[in-house]
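S.K.: Here it is: the structure, laid out below.
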Amino acid sequence: MNAYIREVLEGLKARAPWEAEFIQATEEVLESIAPLIEKDPKYKAQRILERIIEPERVIIFRVPWMDDKGEYHVNRGYRIQFNSAIGPYKGGIRFHPKVSLSTLKFLGFEQTFKNALTSLPMGGGKGGADFDPNGRSDNEIMRFCQSFMDELFRHIGADTDVPAGDIGVGGREVGYMFGQYKRLRNEFTGTYTGKGLTFGGSLVRPEATGFGAIYFLEEMYKLKGQSIAGKTISISGFGNVAWGACIKASELGAKVVTISGPDGYIYDPDGVSTAEKHKYMTEMLGIDRNKVENYVKKYPNAKFFPGKRPWEQKVDIAMPCAIQNEMSGEDAQTLVKNNVECVVEVSNMGCTPEAWKLFLDKKIPFAPGKAANAGGVATSGLEMSQNSTRLSWSAEEVDKKLHGIMINIHKACVETAKEFGVEGNYVIGANIAGFKKVADAMIAQGLV
């Protein structure tokens, strides 16, 4: 390992050894950009690594709220404003009982480079709360979102920090938070993305992360002179990301055969490939976002595997779409044994280091999340543009722009990897391309 990179990582681990997810994310990025650090001494001279791994601002606050029985609750809220070198902070809000400072720092760090890859002027940020919306009434969720915004509104704005949704935060939650922000600030601006279509939201935004991942996958196969038509795909999760991926994969002739939830996964030999099945995926979230088993009650030809993950199925392509570290080294070994052709990480840091390093060792094309899942934030950037100009684009216009952005991200990854002598390595290509844009902007703006 490069001596400067080792020094920075050792310092980070000494300061906060308990921040496992954040350390994992920084190790992946810093180790993979070694060729750039060794080629250009300005990054060490400017101490860019120390600066880029430190968030510009971390905001932690309490969120008191009342349930429908009149009982009081207190949760912890966060906003990590990680890096604003190339634009206002941009990144989602996550409501999940396991949300922690480490989780959100890793997500904000990843978001910084992901946003840079889109070529849109957006910095990196992330936020959320250790609140579980599952099983809560609409009124309870509204009260929580309003209380959350009672503090967050002081720190965000269309030219400062533009949050969006994430796990546990969909259109309903964004609507409640945006409404409270508008009330407190007495202004209507594009401060949130993922809004409803009636108040500034963009068409295609709910599907965008999944659409973008399939577009990236398509480019990976085009590079080999092939197509994804006729390929089988295993997908995890059944929320917006998995839903969008199922829709676009079906449009392009591939067949998704698995989706999953916290309770296990389903295998559908017929494919999750019809408009009716795609619609039912959205209905399942309303029934119980923790149970994918309901799918087999509707479609009995599918089979449910309780407590298991879908990576044991023999498929051409694997796409983790749920949460961080959902694919282990053991899962990766099973996929390799089953001759998987390609792995696309759609969730943020969805693969453990043991998993993605095995794919690279075996020369199996592997796309990291910061490149493959950038379609969501790219379309959020398009929503920001529409809000700024007071315009609304058609679904076709947005989808076309999204497709173009994903093609360009793929091209940047491929060309950068080739430039640094590691042709075909999407991890190094994505990390160097994203890092260089942010780091060069930081240098140009001085020691701030």
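S.K.: Residues that are hydroxyl-bearing (Ser, Thr, Tyr) and over 24 Å from residue 356 (Cα atoms): which strands (runs of 3 or more DSSP E) entirely in the range 3-122 hold 1 or more of them?
M.R.: Working: elements: 57-66, 72-83, 89-95.
Ranges flagged: 72-83, 89-95.
S.K.: Quick check: anything in the range 143-157 aliphatic (A, V, I, L, M), closer than 28 Å to residue 372 by Cβ and either part of a loop (DSSP other than H, G, I, E, B) or free of Cβ contacts under 8 Å to residues at least 12 places away in the same chain (or both)?
M.R.: Our first condition is that a residue be aliphatic (A, V, I, L, M); within the range 143-157, this holds for 149, 152, 156.
Those still in the list that are closer than 28 Å to residue 372 by Cβ too: 156.
Then keep just the ones that are either part of a loop (DSSP other than H, G, I, E, B) or free of Cβ contacts under 8 Å to residues at least 12 places away in the same chain (or both); that gives 156.
Looking through the range 143-157, at least one residue is aliphatic (A, V, I, L, M), closer than 28 Å to residue 372 by Cβ and either part of a loop (DSSP other than H, G, I, E, B) or free of Cβ contacts under 8 Å to residues at least 12 places away in the same chain (or both).
S.K.: Exactly one of (1) closer than 29 Å to residue 178 by Cβ; (2) in contact with a strand residue (DSSP E or B) (Cβ under 9 Å, 6 or more places away or on another chain) is unmet by residue 425. Its number?
M.R.: Condition not satisfied by residue 425: (1).
S.K.: Then there's this: Residues being surrounded by fewer than 20 Cβ atoms within 10 Å (Cβ to Cβ) and under 20 Å from residue 356 (Cα atoms): count how many of those fall in the range 421-448.
M.R.: Here the count works out to 4.
S.K.: Give the range 337-359 a look and list any residue that's surrounded by fewer than 16 Cβ atoms within 10 Å (Cβ to Cβ) and free of Cβ contacts under 8 Å to residues at least 40 places away in the same chain, or say none.
M.R.: Filtering the range 337-359 for residues surrounded by fewer than 16 Cβ atoms within 10 Å (Cβ to Cβ) gives 337-339, 353-354.
Within the range 337-359, 337, 338, 339, 354 qualify.
S.K.: What residue, among those in the range 74-110 that are touching a Pro at 6+ places or on another chain (Cβ under 9 Å) and of a type in the set (S, T, N, Q), is surrounded by the fewest Cβ atoms within 10 Å (Cβ to Cβ)?
M.R.: For the range 74-110, the residue satisfying everything is 75.
S.K.: A follow-up question, please. Is there a residue in the range 309-324 that is surrounded by fewer than 15 Cβ atoms within 10 Å (Cβ to Cβ), of a type outside the set (S, T, N, Q) and more than 23 Å from residue 355 (Cα to Cα)? Walk me through it before giving the result.
M.R.: First, pick out the residues of the range 309-324 that are surrounded by fewer than 15 Cβ atoms within 10 Å (Cβ to Cβ): 314.
Next cut, of a type outside the set (S, T, N, Q) only: 314.
Then keep just the ones that are more than 23 Å from residue 355 (Cα to Cα); that gives none.
Checked against the condition, which is being surrounded by fewer than 15 Cβ atoms within 10 Å (Cβ to Cβ), of a type outside the set (S, T, N, Q) and more than 23 Å from residue 355 (Cα to Cα), the range 309-324 yields no hits at all.
S.K.: Quick check: is even one residue across the range 156-173 buried (at least 24 other Cβ atoms within 10 Å of the Cβ), on the phi > 0 side of the Ramachandran plot and not assigned by TED's automatic domain parsing to the domain that holds residue 349?
M.R.: no
S.K.: Turning to a different aspect of this structure: Considering only the range 286-308, state which residues are touching a residue at least 60 places away in the same chain (Cβ under 8 Å) and in contact with a Gly (Cβ under 8 Å, 6 or more places away or on another chain). First the steps, then the outcome.
M.R.: Taking the range 286-308 first, the residues touching a residue at least 60 places away in the same chain (Cβ under 8 Å) are 288-290.
Those that are touching a residue at least 60 places away in the same chain (Cβ under 8 Å) and in contact with a Gly (Cβ under 8 Å, 6 or more places away or on another chain): 289, 290.
S.K.: Further question: Of everything in the range 64-93, what is under 18 Å from the mean Cα position of the chain (by Cα) and more than 19 Å from residue 190 (Cα to Cα)? Give them in sequence order.
M.R.: Once the filter is applied, which keeps residues that are under 18 Å from the mean Cα position of the chain (by Cα) and more than 19 Å from residue 190 (Cα to Cα), the range 64-93 yields 78, 80, 82, 83.
S.K.: OK, next. Please work out which one of (1) in contact with a helix residue (DSSP H, G or I) (Cβ under 9 Å, 6 or more places away or on another chain); (2) part of a loop (DSSP other than H, G, I, E, B); (3) on the phi < 0 side of the Ramachandran plot is the condition residue 289 fails and give its number.
M.R.: Going through (1) in contact with a helix residue (DSSP H, G or I) (Cβ under 9 Å, 6 or more places away or on another chain); (2) part of a loop (DSSP other than H, G, I, E, B); (3) on the phi < 0 side of the Ramachandran plot one by one, residue 289 breaks only (1).
S.K.: Then there's this: Considering the range 57-82 alone, what residues qualify as being among the polar types (S, T, N, Q) and closer than 15 Å to residue 150 by Cβ?
M.R.: Our first condition is that a residue be among the polar types (S, T, N, Q); within the range 57-82, this holds for 75, 81.
Matches in the range 57-82: 75 only.
The values are calculated or read from the model by the stated rules, or taken from the named source; none is laboratory data. Bear in mind the structure is a predicted one, so any value in this text is a computation, not a measurement. Quick reminder, even Gly has a Cβ in these numbers, built from the backbone with ideal geometry, and neighbours come from all protein chains shown.
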